[in-house]
Amino acid sequence: MNPTTNPQWVKLVQTQHPEKQLSYARQLDDNLLAAIYGMDLETYLIVKGQLVRQAKEAAEQLLESPEFAGRVDRLPFKAGETVIGVGESTTDDLLSWFEILKNLLELQRPQDGIRLINEGISGNTSTQVLGRFSGIVAKQPDWILCMIGGNDVMRVGPASAKTQVSLEETVKNLNEIRRIAAARTESHWVWITPPTFDEERIAAFPYFQMGQLSWRNEDIIQVGEMIRSLPDLIVDTQAGFGQPALAKFIGFDGLHPSIDGHKAIVRWLVESLTGGKER
């Protein structure tokens with residue numbers, strides 16, 4: 001069977017990374033990872049290779065614009081610096097904005113040796129990020145790009161009356177995460193608001209139906225409003241995605257950004273870090 005004909009294999013390799021969740025396990029090589037996914041080694045390497053190529057192709061497409069390529073040259077990341085992306089599945093994804101950013105720098109500024117570390121873990125709430133944040137700042141990043149909150153607002157069960165993490169607790173978590181970074185590093189900080197959703201697609205998605213999982217734009221907009229009140233640089237994806245999220249920017253499940261959505265996020269990030277969009 002051609003691996004690309006099995007969307008579940010692709011989705012697993014794209015968004016679920018056991019080596020991050022089992023960081024204490026030192027022998028998670030490709031053979032073992034393939035076994036965890038339930039596929040043979042050749043299939044796993046083909047699927048992963050296809051995803052890696054897609055992220056690189058997305059970066060190449062963005063760099064076709066001379067104006068955008070010039071902005072990548074002007075990004076304030078200095079040679080030898082470490083940039084960490086903190087988040088959930090929208091960062092962990094092998095086709096995410098962060099993976100595209102990594103490819104942009106490798107293609108456009110290979111001589112600078114900028115190190116990008118993807119610390120997104122699918123399914124993480126802000127509470128879980130807070131719980132593992134000491135390990136993140138121990139890497140002494142020069143830059144931290146943070147986009148979390150989507151899993152905080154997940155609701156479980158029929159007509160759920162509460163989000164997985166309350167807005168009040170999300171506020172406390174994000175403030176504490178930022179405080180720890182300021183106390184233990186000299187890193188520059190960038191907040192990225194979590195994108196909006198397509199609630200109709202979410203409601204129709206079979207796996208969310210089976211798990212009785214739901215998300216509401218009113219909840220994620222509240223998280224965005226809180227983030228927009230913070231003093232650091234803010235990249236506001238919600239303004240660009242719209243409410244509900246524009247069809248071209250959101251995937252078939254209604255929750256996760258499409259490749260076009262991730263390209264838009266990284267474009268807005270690069271613009272924000274290089275003086276804003278030109279008028």
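The values are calculated or read from the model by the stated rules, or taken from the named source; none is laboratory data. Note that this is a predicted model, so its numbers are computed, not measured. Here the Cβ is made from the backbone with ideal geometry for all residues, glycine too, and neighbour counts use every protein chain on show.
Across the range 1-43, the qualifying residues are those that are closer than 25 Å to Asn124 by Cβ and at pLDDT below 80, and the one among them that is surrounded by the most Cβ atoms within 10 Å (Cβ to Cβ) is Ser23. Screening the candidates Gly131, Gly85 for the property of being in contact with a strand residue (DSSP E or B) (Cβ under 9 Å, 6 or more places away or on another chain) and closer than 25 Å to Pro195 by Cα yields one hit, Gly85. Between Ile192, Ile144, the distinction of being over 24 Å from Pro244 (Cα atoms) and modelled with pLDDT of 95 or more belongs to Ile144 only. Here the range 186-214 is the region considered, the condition is being assigned to a loop (DSSP other than H, G, I, E, B) and either within 20 Å of the chain's Cα centre (by Cα) or among the polar types (S, T, N, Q) (or both), and the residue that is nearest to Thr163 (Cα to Cα) is Gln212.
Residue-by-condition table, conditions (1) surrounded by fewer than 19 Cβ atoms within 10 Å (Cβ to Cβ); (2) over 13 Å from the mean Cα position of the chain (by Cα):
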{"site": "Gln111", "(1), (2)": "yes, yes"}
{"site": "Asn118", "(1), (2)": "no, no"}
{"site": "Ile121", "(1), (2)": "no, no"}
{"site": "Asn124", "(1), (2)": "no, no"}
{"site": "Ala138", "(1), (2)": "yes, yes"}
{"site": "Pro141", "(1), (2)": "no, yes"}
{"site": "Leu145", "(1), (2)": "no, no"}
{"site": "Gly149", "(1), (2)": "no, no"}
{"site": "Ala159", "(1), (2)": "yes, yes"}
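Considering each residue of the range 119-127 in turn, none proves to be free of Cβ contacts under 8 Å to residues at least 40 places away in the same chain, in contact with a Lys or Arg (Cβ under 8 Å, 6 or more places away or on another chain) and among the aliphatic types (A, V, I, L, M).
Applying a threshold of 7 Å to beta carbon distances and a minimum spacing of six or more residues, or different chains, the list of pairs starting in the range 60-78 at a residue that is of a type in the set (D, E, K, R) and ending at one that is surrounded by 11 or more Cβ atoms within 10 Å (Cβ to Cβ) and not in a helix (DSSP H, G or I) reads Arg71/Thr274; Asp73/Arg109; Arg74/Thr274.
Each row is one residue, and each column tells you yes or no for (1) of a type outside the set (Lys, Arg); (2) crowded, with 18+ Cβ neighbours inside 10 Å; (3) within 25 Å of Gln16 (Cα to Cα).
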{"site": "Lys172", "(1), (2), (3)": "no, no, no"}
{"site": "Pro195", "(1), (2), (3)": "yes, yes, yes"}
{"site": "Ile202", "(1), (2), (3)": "yes, yes, yes"}
{"site": "Glu218", "(1), (2), (3)": "yes, no, no"}
{"site": "Ile234", "(1), (2), (3)": "yes, no, no"}
{"site": "Ser272", "(1), (2), (3)": "yes, no, no"}
{"site": "Gly276", "(1), (2), (3)": "yes, no, no"}
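Looking across Ile46, Ile36, one residue alone is among the β-branched types (Val, Ile, Thr) and either in contact with a Gly (Cβ under 8 Å, 6 or more places away or on another chain) or within 30 Å of Ala264 (Cβ to Cβ) (or both). It is Ile46. Taken together, the criteria exclude Gly85 from residues that are of a type outside the set (A, V, I, L, M, F, W, C) and either surrounded by fewer than 16 Cβ atoms within 10 Å (Cβ to Cβ) or outside any strand (DSSP E or B) (or both). Considering only residues in the range 215-230 that are assigned to a loop (DSSP other than H, G, I, E, B) and touching a residue at least 60 places away in the same chain (Cβ under 8 Å), the one that is nearest to the chain's Cα centre (by Cα) turns out to be Trp215.
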